[in-house]
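Working notes, beginning with the structure itself.
What follows draws every value from the coordinates through simple rules; no lab data is involved. Remember, predicted model here, so these are calculated numbers, not experimental data. So basically every Cβ, Gly included, is an ideal-geometry build from the backbone, and we count neighbours across all protein chains shown.
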Amino acid sequence: MLQMEADIYKTLLDLQGRCIPRIFGFFGSEHLKALIMEYLGPTVENVLDLSLDQRHQLLEELCLIHARGIVLGDLRAANIVLKNGSPHFIDFSHAHEHQCTGFTKCSELIMACQFFSLNAELENPS
């Protein structure tokens, strides 16, 4: 499972350090595996504690992830961190390849709008 997450991070290489943590390496043996990544900061307790701009930033980052053919698969506050006030996604252990069907049809993007209380985005996507 950790190898699959490392592969997802490789797919998202151009987003590392910008929207998601940088990955320094995946190391493993038969009995032990480790994915070494950048620490971005503390996790968010409640997404509604984030500003409207921060929630919009997360939605934009999720759209970038989807544009690379990946669905996060585990959208929750525990998978969002704050680095110097800027929110980012972590934990791609439930992620998988994805053919995004578009902003108004993709179930994860629709769920994200609801989760971030950005329901108006569905009516006026950017």
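List of remarks:
- Sequence-distant residues sharing a close amide H with I90 (under 5 Å, placed H): I80, V81
- Taking other residues whose beta carbon is less than 10 angstrom from the beta carbon of F26, and scoring Lys, Arg as +1 and Asp, Glu as -1, yields 0.
- Phi to ³J(HN,Hα) by Karplus 6.51 cos²θ - 1.76 cosθ + 1.60 over the stretch 43-58, Hz, x for Gly, Pro: 6, 7, 7, 8, 5, 6, 7, 6, 5, 4, 4, 5, 5, 5, 4, 4
- Under a model in which nothing but the beta-carbon of Lys, Arg (+1) and Asp, Glu (-1) is charged, the stretch 36-76 shows a dipole of about 160 debye around its Cα centre.
- Working from Cα pairs under 8 Å separated by at least six residues, relative contact order for the stretch 2-123 is 26 percent.
- Read-out Rg and Dmax of the Cα atoms in Å, derived from the coordinates shown; its label in (i) 17.9, 70; (ii) 14.4, 44; (iii) 14.6, 50: (iii)
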